[in-house]
Each structure stands twice: as structure tokens, then as C-alpha cells.
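Accompanying notes for the structure given below.
The values are calculated or read from the model by the stated rules, or taken from the named source; none is laboratory data. Since the model is a prediction, treat every value here as computed from it, not as a measurement. Side chains included, ligands, DNA and RNA excluded: accessible areas come from the protein's heavy atoms. Shrake-Rupley method; radii C 1.70, N 1.55, O 1.52, S 1.80 Å.
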Amino acid sequence: MATASRCGQASSSTPSSAACWICLDEGPDDKEGNSLVRECAYRGDSAGFVHSSCLVQYADSKSRDEVKKLLATGEFDIHQFQRYWVNCPNCLQLYGENLLRDMANAFCSRAQKKMFLSPGIDGRIDNSFFMIIALHCKLRFVLEPDPRNVQEGKVVASLLSSLMDNYDKGGSVSFGRYLQTVESDIQFSRGMFVLVSSRESGDNCIGKSMEISESIGDSASALQAKMIQHVCVNNKKTAPNEGAMTAAKAMGAWGRHGCDLQLARKCHEDNLNKCGENHASSINSSMVLCMALMQDHHFIEGERLMRKCVSISRRLLGANYKTTKDAEQVLQKMIKRLVRLQSHDGVFEVLRYDDDCMGSCTVKGLTAQYRGKPTFSVNMGRVTLMPGTPVVCYGLKNAKHLNDEMGDARILDEPTGRYKVHFEAKSLKPALVRPKNVRIVFDIDQKALLKTA
């Protein structure tokens with residue numbers, strides 16, 4: 001594997017006074033012409049910038065220190081050895097997409113050249129194990145299940161599988177659990193690449209991944225694989241094939257086809273317990289859970305979750321980070337108030353009520369035949385809320401305790417002509433409410449401000 005000619009991309013707003021935090025040289029370029037980059041959680045005018053070549057040298061030096069520790073103590077921290085190549089050592093955040101890819105390539109190149117071998121290490125670890133760590137790093141952190149990555153991903157998975165088959169597991173240092181994790185990730189990636197590149201389900205590979213994860217007690221990975229397999233088995237003809245998606249975000253995208261809410265909750269809880277909420281994995285599992293909530297029409301809970309998720313991602317990763325943009329896209333889906341209209345085909349977005357009486361609203365068509373056409377006003381009597389629309393009850397006389405209570409209008413009960421509203425307050429039971437006694441909530445944090453979006 002060749003080392004990339006550069007690591008990351010220079011920011012167009014890099015200040016001239018910014019300096020590399022490793023070599024402390026100021027200016028946009030180092031001696032090799034590599035620009036200063038910053039693809040982590042650091043903010044401000046000058047903090048966190050680094051020359052890509054310096055960062056590779058730093059990661060290389062720290063990785064060699066881990067090998068020296070093995071020689072001195074017999075202990076080897078695989079995850080720390082790997083982490084120097086994918087996480088910023090200062091903020092601990094995973095690097096951005098461009099820098100992450102090229103750091104992983106540099107990692108693989110050094111392993112291939114046997115640069116991590118040290119005198120005296122023979123008999124403990126051979127170089128194939130360093131190659132396994134480096135390739136696993138690339139497969140896990142860089143090669144997302146996206147059509148653009150299918151060819152490279154399959155090659156890396158195949159190389160990794162071949163190394164695993166030929167690796168002598170009888171060395172003096174045992175890495176049995178880690179090697180099982182690698183095997184699980186290989187199977188999972190293979191299944192995902194099948195899914196995004198063809199109409200085949202890939203559930204056999206993903207099922208094997210789930211079995212391995214369960215055998216080593218990795219509940220979060222097992223649940224993730226189980227959720228994907230659930231979608232594979234039930235939706236073999238609906239595999240999406242576009243968009244750059246991590247495994248977690250792929251689950252979210254497939255949520256509309258059958259993502260299980262209970263599994264999504266459990267997967268998210270396991271990620272929170274394992275990583276905490278201030279972690280990219282937890283942000284991704286939040287998106288998975290949000291899509292599952294949307295599918296089951298829990299829009300209020302989903303919107304609150306995504307607002308928190310977006311806030312954390314902006315603070316932790318930055319507004320331009322891919323995960324943040326993905327989270328913002330999911331939030332934009334959540335905040336749209338969708339309806340159907342009598343005598344009109346398609347789905348419409350309600351933009352606002354037209355007056356204080358809220359007897360009519362302004363809508364915008366979302367389907368192809370309405371694109372580019374102006375918004376128009378429609379009487380609320382012609383409007384049917386899409387399941388999950390956040391509403392607030394008002395004007396109830398026989399159930400006054402429900403007035404001003406917010407909930408999701410899950411479904412329109414045809415026999416009674418009323419919406420079944422599931423209230424956010426868990427102490428309240430669902431109730432059938434006439435359309436004239438519900439109002440769309442555009443801002444769930446300020447439910448009294450119903451006039452405009």
C-alpha cells in the first residue's frame with residue numbers, strides 16, 4: 001500500500017500566524033510542501049494546526065514506544081498502538097475524513113515496510129500482526145460502507161482475511177479476543193459492501209459477525225449486526241446504494257425499511273455506556289435511534305434527541321465535520337411538519353399558520369410535480385396530518401386536563417375521525433382527539449409559539 005502524497009487538506013481559513021503544534025514552525029507549508037491541517041475538535045484562530053508530515057512522524061514514534069513497552073514489560077496495548085494513527089492525541093477526537101484516510105495509508109505503509117519491528121521482538125510478535133492492526137484500522141475507521149469504497153474495501157478485507165488465516169497464533173503474546181474482533185469486523189464489512197453494491201442482502205456475512213461479537217461479549221457490535229441482519233432479511237430488494245454512510249448511519253438510513261426500535265434503543269444505550277455521549281459512535285447511534293423513532297412516529301422524542309445530538313457534534317467535531325452534517329440532515333427531516341391534502345396528490349410541508357385563528361395554513365409541495373411552484377394557503381379542514389406530527393391539544397371541554405399538553409398525532413382513527421395522540425408526558429394515556437382540537441407544534445421547545453415555524 002502506497003503512502004498518500006499528502007495527509008488531509010489545508011483549511012482555506014488557516015491563519016498566517018498558525019503554527020504546527022509538533023514542530024512549532026509557523027506558516028502554511030513544511031519543508032515537504034505539506035500544508036497545515038486541522039481535522040479534529042480544536043477551535044480558535046490557531047489551536048490544533050499541524051503539518052501532516054509531523055503528525056505521521058509523531059504517530060510513528062509513539063507506536064514504536066508501545067513496541068518498546070512490549071519488550072520491557074511483555075504488555076502490548078493494541079488499541080493505543082492503533083489510536084495514534086486515527087485520533088488526535090490532544091482532543092482525542094477521530095480525525096476528519098481526508099486526514100483519517102491518509103494517516104491510515106501511512107500506517108499501512110510503515111507496517112508493510114516492517115518499520116515497527118525491533119531487535120528482540122522475534123518470537124513474540126511477527127510483522128504480519130502489525131499488518132493486521134494497520135489494515136484493521138483502515139477497514140474499521142476509513143472504509144465506510146459506501147459504493148465508492150466497495151472495490152478498495154473488498155481488497156482490504158481479503159488481504160486482512162488472508163493474513164488472519166496465516167497468522168501464527170501461538171506466539172508468546174496472546175491476542176485471541178482482538179483477533180476475534182478483527183474477524184467479526186471483516187465479516188460485517190463484507191456484508192455491508194455487498195449491500196451497498198448490489199441487490200443482494202449480505203445477511204450471511206453479517207450474521208457471522210453477530211455470532212462472533214456475541215461470543216466475545218461485544219454487545220454493542222452484536223446489536224448493530226443484529227439490526228442490520230433484521231433489515232437484510234426483511235428487505236432484500238430495498239438495499240440503498242448511495243450516500244457516504246458509516247455502518248451505524250446505514251442502519252439509520254434503512255430505518256425507514258424496518259429498523260427495530262427496541263434494538264436501536266439498546267444499541268444506543270450500549271454505546272453511551274461504553275463511550276459516553278461525547279463520542280462519535282454515540283452520535284451515530286443517536287441517528288440510528290432517531291430514524292427508528294421516526295419510523296414508529298415518536299417525532300417529539302426523536303427531535304429532542306437529534307437537537308441534543310447536533311449540539312454535541314457541533315461542539316465536539318465542528319460544524320464542517322461530516323458526522324455533524326449528517327446529524328443536521330436527520331434533524332431537518334425531523335422538524336418538517338408533513339401533511340396530505342384533500343384533492344391533491346403527494347406530501348406537503350406546513351410552513352406556518354396564516355392567522356391567529358389557525359383556520360388555514362401555508363403549505364409547500366414536496367413531490368416532483370410541485371417543485372419550483374409557489375406555496376399556497378389551504379383550509380385546515382382539508383389537511384390530514386402525517387403520523388407522528390407534534391401537536392398540542394386545546395379547547396377540550398370534557399378532558400380539560402389535556403389542554404396545552406403536547407404529543408405525537410400517531411394515526412387518524414377512521415371510524416371516529418379523530419387523531420390518536422400519544423402524549424409526551426408519560427403519566428398521560430393516549431387519547432382520541434378531534435382535528436379541530438389539535439394544533440401543529442412547529443417548535444417543541446416553545447409549544448405556545450404556534451403561529452410561525
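Annotations
- With 25 Å as the limit, the listed pairs Lys62/Lys138; Lys154/Lys322; Lys333/Lys373; Lys308/Lys436; Lys308/Lys420; Lys322/Lys426 have Lys308/Lys436; Lys308/Lys420; Lys322/Lys426 beyond it between alpha carbons.
- Per-residue surface analysis assigns Glu211 an accessible area of about 120 Å², computed on protein heavy atoms at 1.4 Å probe radius.
- Relative counts (whole %) of C-alpha pair distances in the stretch 319-453, using bins that are 10 Å wide: 12, 40, 34, 13, 2, 0
- Probe 1.4 Å, accessible area per residue of the stretch 298-453, Å²: 54
- By a 1.4 Å probe calculation restricted to protein chains, Tyr353 has an accessible surface near 10 Å², given to the nearest 10.
- Alpha carbon centroid spacing (whole Å) that separates the stretch 302-339 from the stretch 127-151: 28
- Accessible-area composition of the stretch 389-439, carbon plus sulfur, in percent [1.4 Å probe]: 51
- Here the accessible area is traced with a 1.4 Å probe on the protein chains. For the stretch 289-385, carbon and sulfur cover 50 percent of it.
- Here the extension length gained between Ala319 and Gln369 equals 14.7 nm, from 0.36 nm per residue of separation less the Cα-Cα distance.
- The accessible area of Arg307, taken with all protein chains in place and a 1.4 Å probe, comes to roughly 90 Å².
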